[in-house]
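Note sheet for the following structure.
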Amino acid sequence: MSIYKIHENAKNYLNVFLEEEKKDSAFRYKLYKDDIKDIKIYAKEKHVSHLDEEELIADVNKRIERSQREVLELQDFIEGPLTWTESEKKPFRINRDIHLKLHGKPIKDNIYLYNNNFYYVKGPYSEQEKELLVMECFDRDRRKFERLTNRFEKQIETRNERPRIPESVRIDVWRRDQGKCAKCGSREKLEYDHIVPISKGGSNTTRNIELLCENCNRQKGSNIQ
């Protein structure tokens, strides 16, 4: 396979990743500040020149700035509306390490964001071909789940449909019960009622169906007599 969907709900993943990066950056900041204190102590004890001391401190400050800048750039990328609107139109290539893995191994390149999913494309393809592979993968999944939804929704609807009482059974029940409620004898608002409900294994047979008036049928509920 040359393409893999490696993560769904990319937005949630990136928000969690951003929070982890912020914590990591804050921890590094503390370490860098400790490094500056150590440099000053070392410079004083070893009589290091002021110029060398300032050079060492400047190097640490650069690392602090780089760490903070990386977090801000990541935040702008995640929270920027263009990231999500553009990646709905076409696959958006991720040009940074966001600690994604495939089969337990880190991947840092050829990662695409498309419709809130992350994809990894493997192989000697052009940029356009990689984008097309991502779009094909997304469309294949979409068609698959539409097909499954339609199939199983129809099965559920079929299972939930109550089978119609055959006309011959309705006539036999009417004749047997003489066109009146089997409970109170009323001839008003009559209904064909299953003695044992269909939901509890009852069938559409003359023995399992009786005439009841609307009132008696409502009082009966679904209790098996």
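Values quoted throughout were computed directly from the atomic coordinates according to the rules given, and no laboratory measurement underlies them. What you see is a predicted model, and the numbers here were worked out from it, not measured in a lab. Glycine gets a Cβ as well: all are built from the backbone with ideal geometry, and neighbour counts include every protein chain shown.
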Item to check | For the chain, with +1 on Lys and Arg beta carbons and -1 on Asp and Glu, the positive-most of V134, F17, Q75 along the dipole | outcome: V134
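By how many nm would the segment from N12 to N204 grow when fully extended, if each residue of separation counts as 0.36 nm and the alpha-carbon distance is taken off?
63.9 nm
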Item to check | Which of N150, Y120, H194, positive extreme of dipole for the stretch 107-204 (C-beta unit charges) | outcome: H194
Next on the checklist: Of the candidates I36, I64, I165, which one comes out as most mobile in a Gaussian network treatment of the chain with C-alpha springs shorter than 10 Å?
Outcome noted: I165
Checklist entry - What residue among R187, R69, R28 has the largest mean-square fluctuation in a Gaussian network model of the chain, using Cα springs under 10 Å? => result R187
Checklist entry - Is the chain rounded, prolate or oblate when judged by the Cα gyration tensor, a ≥ b ≥ c being the square roots of its eigenvalues, rounded requiring a/c under 1.5 and prolate requiring a/b larger than b/c? => result prolate
Checklist entry - Ranking S126, S87 by Cβ neighbours within 10 Å, fewest first, what do you get? => result S126, S87
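Quick one: of K23/K130; K11/K101; K90/K144; K62/K105; K33/K108, which pairs are farther than 27 Å apart, Cα to Cα? The partial results should precede the final answer.
On the way: K23/K130 34 Å; K11/K101 16 Å; K90/K144 20 Å; K62/K105 31 Å; K33/K108 30 Å.
Going by Cα-Cα distance, K23/K130; K62/K105; K33/K108 fall outside the 27 Å limit.
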Checklist entry - Any idea how far apart E167 and Q128 come out in nm if each label point goes 7 Å out from Cα toward Cβ? => result 6.5 nm
Next on the checklist: I want to make sure I understand the PRE zone here: with the label point 7 angstrom from the Cα of K144 toward its beta carbon, which residues in the stretch 4-24 have backbone N atoms less than 18 Å away?
Outcome noted: 4-10
Item to check | Additional length obtainable on full extension of the chain from D97 to K46, 0.36 nm per residue less Cα span | outcome: 14.3 nm
Checklist entry - How high is the relative contact order of the stretch 1-85, in percent, counting Cα pairs under 8 Å that sit 6 or more residues apart? => result 39 percent
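What does the charge dipole of the chain about its Cα centre add up to, to the nearest 20 debye, if the Cβ of each Lys and Arg holds +1 and the Cβ of each Asp and Glu holds -1? Mind dumping the intermediate values first?
Working: 45 positive and 41 negative charges, 352 e Å.
The dipole magnitude comes to about 1700 debye.
What length, rounded to one decimal in nm, is gained on full extension from D38 through to D24, with 0.36 nm per residue of separation minus their alpha-carbon distance? Mind showing how you got there, number by number?
Values: separation 14, 0.36 × 14 = 5.04 nm, distance 2.10 nm.
Contour length minus Cα-Cα distance gives 2.9 nm.
Cβ under 14 Å from H7's Cβ, H7 left aside: what net charge do those residues give with Lys, Arg +1 and Asp, Glu -1?
Working: positive: K5, K11, K101; negative: E8, D141.
Counting the neighbours of H7, the net charge comes to +1.
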Item to check | Under 5 Å, built H, 5+ apart or other chain: amide partners of A182 | outcome: L211, L212, C213
Checklist entry - Between N110, S2, I39, whose Cα lies farthest towards the positive end of the dipole of the stretch 1-138 when Lys and Arg beta carbons carry +1 and Asp and Glu beta carbons carry -1, centred on the Cα centre? => result S2
Item to check | FRET efficiency for K180 and F152, using Cβ-Cβ distance with R0 set to 45 Å, rounded to 0.05 | outcome: 0.55
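Would you calculate a helix-derived [θ] at 222 nm for the chain, using -39,500 (n - 2.57) for each DSSP H run of n ≥ 4 and dividing by the full residue count, to the nearest 500?
Numbers: 6 runs with 127 residues, N = 225.
Result for the chain: -19500 deg cm²/dmol, rounded to the nearest 500.
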